[in-house]
Structures are given as C-alpha cells and as structure tokens.
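Below you'll find the structure, written out as structure tokens, and then a few comments.
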Amino acid sequence: MSRRVCMIVLALTLLVAGAAAAQFPLLDMVANNVIQKYQQATCEQLWEKRGKPKSAQEQELIQLLRGDPQMRATFINKVAAPIANKMFECGMLP
C-alpha cells in the first residue's frame, strides 16, 4: 500500500514540476541566454559592464519581472546560482 502511495506522490510531483517548467518557455530561453553570457564573460568584462546602463531590452525584461512575481521567482531560481558562482569567482561577492 505505501509503495502505491509513494508512486502516486512521485507521479504528481513530476507532473507539477513539468508544468512549472513549461509555464514560461520564452523566459527559459532568456534565462539560458543570461546564464550563457555570464559563463562566457571574463571577469574583466563583467567588471566593465557592472556600472553601465541597461539596454532597452533589459529594462523591459526588468519591468516585466517586477510586474509578475511568479515569473520573477522562476527567472531568479534559474539564473541565481550560475550568476552568483561567476560573481564569486570574479571577486564581486565576498
């Protein structure tokens, strides 16, 4: 009986996780691009970009994320670890 319950819980968990991942396919693409830019950039490039103003596209994305908490959480959950790791490697985080 408990094996059957575990299988049902596992199936429901996978279903919910799959639906959440497919909820914002365009956001996933943007997040992957952001991750790729950080991973390919040198530390010097990141330091140079740090103080410069954002492009119009980046500003639009920021406004969109500010207006949709669920989308913002999905984006941050996807990009936070790779960006933080790169910033740590470059001495941008303590």
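Some notes on this structure:
- Residues of the range 25-61 that turn out to be in contact with a Leu (Cβ under 7 Å, 6 or more places away or on another chain) and exposed (fewer than 11 other Cβ atoms within 10 Å of the Cβ), as a count: 0
- Any hit, the range 38-46, residues being at pLDDT 90 or above, aliphatic (A, V, I, L, M) and in contact with a Lys or Arg (Cβ under 9 Å, 6 or more places away or on another chain): yes
- Restricting the range 54-93 to residues that are of a type in the set (D, E, K, R) and not in a loop (DSSP other than H, G, I, E, B) leaves a set whose member that is farthest from the chain's Cα centre (by Cα) is GLU89.
- Subset tally (residues that are of a type outside the set (A, V, I, L, M) and either touching a Gly at 6+ places or on another chain (Cβ under 9 Å) or surrounded by fewer than 13 Cβ atoms within 10 Å (Cβ to Cβ) (or both)) for the range 74-92: 4
- Residues satisfying the stated conditions in the range 37-53, i.e. in a loop (DSSP other than H, G, I, E, B) and either touching a residue at least 60 places away in the same chain (Cβ under 8 Å) or not basic (Lys, Arg) (or both): ALA41, THR42, GLY51, PRO53
- Count - residues of the range 64-73 that are under 17 Å from ASP28 (Cα atoms) and either of a type in the set (Gly, Ala, Ser) or loosely packed, with under 12 Cβ neighbours inside 10 Å (or both): 4
The values are calculated or read from the model by the stated rules, or taken from the named source; none is laboratory data. As the structure is a prediction and not an experimental result, all values here were calculated from the model. Every residue, glycine among them, receives a Cβ derived from its backbone with ideal geometry; neighbour counts consider all protein chains shown.
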